[in-house]
Amino acid sequence: VADVTSNLERCVDDAKADVRAIVKGLAPLKINAHGLQFALAELAQQTALTHGIACRLECPHPVALHDNFTANELYLIAREAVHNAVKHGRPGSIVIRLESSQGLLLQIWDDGVGIARARERAHEGFGLRIMRYRSRLISATLKVVRGANGGTVVTCAASWLAFCAAASVSGAPTCNAE
């Protein structure tokens, strides 16, 4: 009886965590353009604490966006990629990388089982479709591939010119590449 009760309690806790995640997805955070790095670091920390998976943010230089919309979409892409890794990939570690030089690059990779090759997948899941949609909203490209040594690599990239064009469409007041 104790084992059944313990198992039931764990299932209820898991269900509550799933409901919280769904609610967060329905009413996503509004990420400030200058708060993207902080939000991604918090995502990594929460992932590590919640799932017991090593997760870290790599951001070699400060990345300053001047468009809250773009920052929010990048955060949501990262969150979905991390969620997919945890749910499907069985990883030991996840890395979120944000960098800028000639444009902006957001990468999320894990050391899990890896995504099935396109020809092996019956269909593309909702999470992948929403990440592609979000990347198009900010004039970025999204690639999701198996890593060279296993795992999955999600790459969202755009030139500064593309981000500036997206910022003008979304109503952002300025766009400066720093």
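Throughout, read-outs are computed from the coordinates displayed, never taken from laboratory work. All figures in this text were calculated on a predicted structure; none of them were measured in a lab. FYI the Cβ positions are ideal-geometry reconstructions off the backbone, even for glycines, and counts take in every protein chain you see.
Using just the Cα positions, wrap segment 35-77 in a convex hull and report its mean projected area in square nanometres, one decimal place.
That works out to 3.1 nm², a quarter of the Cα hull's surface.
How much length is gained on full extension from T50 to E124, taking 0.36 nm per residue of separation minus their Cα-Cα distance?
Taking T50 through E124 to full extension adds about 24.0 nm, to one decimal.
From the phi of every residue in segment 38-51, what ³J(HN,Hα) in whole Hz does the Karplus formula 6.51 cos²θ - 1.76 cosθ + 1.60 yield, where θ is phi - 60° and glycine or proline is x?
Once rounded to whole Hz, the list reads 4, 5, 5, 5, 5, 4, 4, 5, 5, 4, 4, 5, 6, 10.
Along the three principal axes, how long is segment 43-103 when you take its alpha carbons, biggest first, rounded to the nearest angstrom?
Extents along the principal axes, in whole Å: 34, 22, 18.
In nm, to one decimal, how far is the modelled label at E9 from the one at A64, with both set 7 Å along Cα→Cβ?
Each label point lies 7 Å from its Cα, and together they span 5.1 nm.
R0 = 41 Å: FRET efficiency of R20 with N149, Cβ-based, nearest 0.05?
Computed FRET efficiency for R20 and N149 comes out at 0.80.
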